[in-house]
Every structure is written in structure tokens, then in C-alpha cells.
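Novice: Please see the structure below; I have some questions.
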Amino acid sequence: MKVLVVGGAGYIGGALTDLLIQNNSCSVRVYDVLLYEESYRKPVDFVFGDIRDHEKLLPQLKWADVVVWLAALVGDGACALNPDVSIDLNQNSVKWLAEHFDRRIIYLSTCSVYGAQDGVLDENSPTNPLSVYAVTKLEAENYLKNKNAIIFRLGTIFGVGDLFSRIRLDLIVNILTVRAATKGEITVFGGEQFRPLLHVRDVGHAIMDNLDTPHTGIYNLNRQNVRIIDLAYQVRNHFPDIEFKRTELKFQDARNYRVSNEKAKRELGFSPRCSIDDGIVEVKELVEQGRLKDLTSPRYANHSFLEANRTHLLPPS
């Protein structure tokens, strides 16, 4: 099976490519523009390219039996920097993919398409995207409805995916762990908000398990729904001497949603392997062992990096 991982040099791509390398039945190729990376040194076939460069990407699609589409600008803040580019990368590129590829597609969307809603949301719940990021992801889903495509709506990712790719330090579990390790304190704004959480390696396993299954359509993926305040206490269990602060809720951080993964469990056999504590320990060890040279580098946060490097958002010449 020939698997093309578009955007395979990123956070989730790092976890997935390790699993693909271990699978002797897969021939792997990564197509990536190295937005956050300076090099790509994994032992897999690699093509440097922008997803808007259709002339370069089309031969890769012709080669592949399966396309795993990870390429996107990810996050509300990152997409808000240039909505037109975000639409082009997150939405129009998927429309083009649907028009030019007729085999298996695995596409990663986001639970952010549900917006802020009460109750536990399943795949039939109404959507209410509140950001450019969520709107473009939901529109991209629509292009794949009549394709041999499985769409994973991901919860908030955490943990370490592999030993090479850039870790994201702008995600709630990772953020709280780094702050506890470096500042000796955790500050929580409000804390009653829920987030659906999922380890990055569990995303990789879900993709691997469905490369050639007959399943199509939309599936929520998360391990569990956790209140931010409870997550903060869980992080504190790993740093018993830190100071804990709780303040009034900031209005811009009012997103609150829970999702059900029962459909994925029932139909796909989805069973997350990694716990929240696993992710906390992984990030804690990276920090305490000095394995991340500069924790303040914007490279580890999508919005900060793109704000500092806006030329990266320009179309290919």
C-alpha cells in the first residue's frame, strides 16, 4: 500500500510516520513545505512542496493508494492572521484534492466545528464554527462527503508524538505542564470550561487502523472530556510544590464543549492507548532534562511563529 502523507512533517505527522515506518506493508512518502522545520531527516521518501503547487502535488497523488491529508493552518489565532490564505490552504486545497483523487482519503478536521454548546455532542449535533479555522475545516469536510474518505474531528491534542518533529507548546495540557515546570505555578482563568483531549500518538493509531477499511464519514476522536480546572489539578499532581492560582474567566477563553467518541469506539474499535498523565510526564521530562533549548521560541506555537514570519503565508512563487 502506497501512503502519501501530505503535511507529514508536522506534529501529528511525526507520530504517524513512525507508525508507518514500522509497518512493512506500507510504502510511505511525505509531502511537506517544512513550515516549522529547517530539515526533514526521517528515513522515508520526501518531497518538498506547497499544497498550492498543484503541478508538483499531482504526480504524488497519482502515485498514492491512500492520501492522509494533514496539511493545514491550525488554530484560531493562526488562521485569523490571514483569512484569505487560511481559506486557500484549509479549504480550497481540499476541494482540489477531492476533484483530483478518487482513492482512499483520510482527513483531519476539528471538534471546534461544534463551537460553544452545552451537552455532549456527537457527529449528528449541529455545528456552530466560531472562527476562520473552524469554518474552513467544516467547509473542507463538505467536499469529501461523497468520496471514499474518513474524517476525524479531533479533540485538543497533547503529548509527544515522536523524537524528531516539533512539539506544540500552545495546547492546553502541554501549556500547563511547561508553566508548572518552568515558573513553579499554574494560573487558571475560570476553569469550568470543558475540552475534549486526545494524545497525539492516538491520532496516529486511529489513522493507521483505517488506511484501508471500508469506513467513511465523520468520527469524533477524543480520549475524555476534562474541565480545565480538573486538568490543572491533574498537572499539579506531578508538581506538588507549585503555586496554584485561579482567577475570573476571561471572555476570550470562554469556549466550552464536550464530545462523544462512542461512534468511533463502536464502528472503528477506537480505543485510546495514552492517558493525560502519560502526556504530562512526557512534556515534563523534555523540560526538566533540557531537551528543548528555548521554550520561549515562537516555533513551538503556531500563532506566534506565523505572526513573526508572515512571509510564510504568501502563495508559492
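Novice: Mind counting the residues in segment 209-231 that are touching a residue at least 24 places away in the same chain (Cβ under 8 Å), of a type outside the set (K, R) and assigned to a loop (DSSP other than H, G, I, E, B)?
Specialist: Within segment 209-231, residues that are touching a residue at least 24 places away in the same chain (Cβ under 8 Å), of a type outside the set (K, R) and assigned to a loop (DSSP other than H, G, I, E, B) number 8.
Novice: Do we find that Y40 is under 21 Å from the mean Cα position of the chain (by Cα), hydroxyl-bearing (S, T, Y) and more than 24 Å from Y219 (Cα to Cα) in this structure?
Specialist: Spelling it out, Y40 is indeed under 21 Å from the mean Cα position of the chain (by Cα), hydroxyl-bearing (S, T, Y) and more than 24 Å from Y219 (Cα to Cα).
Novice: Which condition from (1) outside any helix (DSSP H, G or I); (2) of a type in the set (A, V, I, L, M, F, W, C); (3) surrounded by 16 or more Cβ atoms within 10 Å (Cβ to Cβ); (4) out of contact with any strand residue (DSSP E or B) (no Cβ under 9 Å at 6 or more places or on another chain) is the one that V135 breaks?
Specialist: Of (1) outside any helix (DSSP H, G or I); (2) of a type in the set (A, V, I, L, M, F, W, C); (3) surrounded by 16 or more Cβ atoms within 10 Å (Cβ to Cβ); (4) out of contact with any strand residue (DSSP E or B) (no Cβ under 9 Å at 6 or more places or on another chain), only one is false for V135: (1).
Novice: How do the helices (runs of 4 or more DSSP H) wholly within segment 1-94 filter down when requiring 1 or more residues that are among the charged types (D, E, K, R) and more than 22 Å from L154 (Cβ to Cβ): which remain?
Specialist: Here the list reads 54-63, 83-87.
Novice: Just one of the numbered conditions (1) under 21 Å from G155 (Cβ atoms); (2) loosely packed, with under 15 Cβ neighbours inside 10 Å is not true of E248; which one?
Specialist: For E248, the failing item is (1).
Novice: Right, something else. Would you confirm, using the coordinates I've provided, whether I167 is under 28 Å from K42 (Cα atoms) and without any contact (Cβ under 8 Å) to a residue 24 or more places away in the chain?
Specialist: The answer is no for I167.
Novice: All but one of (1) free of Cβ contacts under 8 Å to residues at least 40 places away in the same chain; (2) within 15 Å of D32 (Cα to Cα) hold for L61, so report the exception by its number.
Specialist: Failing condition for L61: (1).
Novice: Can you pull out the residues in segment 95-123 that are in a helix (DSSP H, G or I), out of contact with any helix residue (DSSP H, G or I) (no Cβ under 8 Å at 6 or more places or on another chain) and farther than 18 Å from Y11 by Cα?
Specialist: E99, Y114 - these are the residues of segment 95-123 that are in a helix (DSSP H, G or I), out of contact with any helix residue (DSSP H, G or I) (no Cβ under 8 Å at 6 or more places or on another chain) and farther than 18 Å from Y11 by Cα.
Novice: Can you name the residue in segment 189-209 that is of a type in the set (V, I, T) and in contact with a Leu (Cβ under 8 Å, 6 or more places away or on another chain) and is also nearest to K2 (Cα to Cα) among such residues?
Specialist: Top of the filtered list is I207.
Novice: Kindly indicate whether any position in segment 32-44 is of a type outside the set (S, T, Y), at positive phi and crowded, with 18+ Cβ neighbours inside 10 Å.
Specialist: no
Novice: May I pose another question? Quickly run through segment 258-275 and pick out the residues that are of a type outside the set (S, T, Y) and either out of contact with any Leu (no Cβ under 8 Å at 6 or more places or on another chain) or assigned to a strand (DSSP E or B) (or both).
Specialist: R258, V259, E262, K263, K265, R266, E267, L268, G269, R273, C274 - these are the residues of segment 258-275 that are of a type outside the set (S, T, Y) and either out of contact with any Leu (no Cβ under 8 Å at 6 or more places or on another chain) or assigned to a strand (DSSP E or B) (or both).
Each reported figure results from applying straightforward, stated rules to the coordinates on display, with no laboratory input. Keep in mind that what you see is a predicted model, and the values were worked out from it rather than measured. Ideal geometry is used to build each Cβ from the backbone, glycine not excepted, and the neighbour counts take in all protein chains shown.
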